[in-house]
Amino acid sequence: MYPNIDKMLKKVDSRFTLSVLSAKRARQINDYMNNVRREGALEIRGPQFDMLNEKPLSIAFDEIGNDKVTYERIKDGIK
């Protein structure tokens, strides 16, 4: 898997955080792609890489591994 799982784990505080962050970002990317196809609207932040042939989760991992996506720990979870 690229980027390496160890590289991504250095960007977060736990495997659980990596799982939640990547899933959340993949859903955002998927919503963005579906929204663009349907309406052409750009309300949701799109992928930070030119990889539209990749799956949303792969794009999310690339963004996390290359510091394009960050997270903020809040009382209720991850923002």
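The values are calculated or read from the model by the stated rules, or taken from the named source; none is laboratory data. Everything numeric in this text was worked out from a predicted model, so none of it was measured. So basically every Cβ, Gly included, is an ideal-geometry build from the backbone, and we count neighbours across all protein chains shown.
List of remarks:
- Candidates I78, I29, filtered to the one that is modelled with pLDDT of 80 or more and either surrounded by fewer than 17 Cβ atoms within 10 Å (Cβ to Cβ) or on the phi < 0 side of the Ramachandran plot (or both): I29
- The single condition among (1) surrounded by 13 or more Cβ atoms within 10 Å (Cβ to Cβ); (2) assigned to a loop (DSSP other than H, G, I, E, B); (3) at pLDDT below 80 that N35 does not meet is (2).
- The residue that is nearest to the chain's Cα centre (by Cα), among those in the stretch 46-65 that are at pLDDT 80 or above and hydrophobic (A, V, I, L, M, F, W, C), is A60.
- Looking across the stretch 11-26, the residues that are surrounded by fewer than 18 Cβ atoms within 10 Å (Cβ to Cβ) and either closer than 16 Å to K68 by Cβ or touching a helix residue (DSSP H, G or I) at 6+ places or on another chain (Cβ under 6 Å) (or both) come down to K11, K24.
- When each of K68, K7 is tested for being loosely packed, with under 15 Cβ neighbours inside 10 Å, at pLDDT 75 or above and in a loop (DSSP other than H, G, I, E, B), the lone residue that passes is K68.
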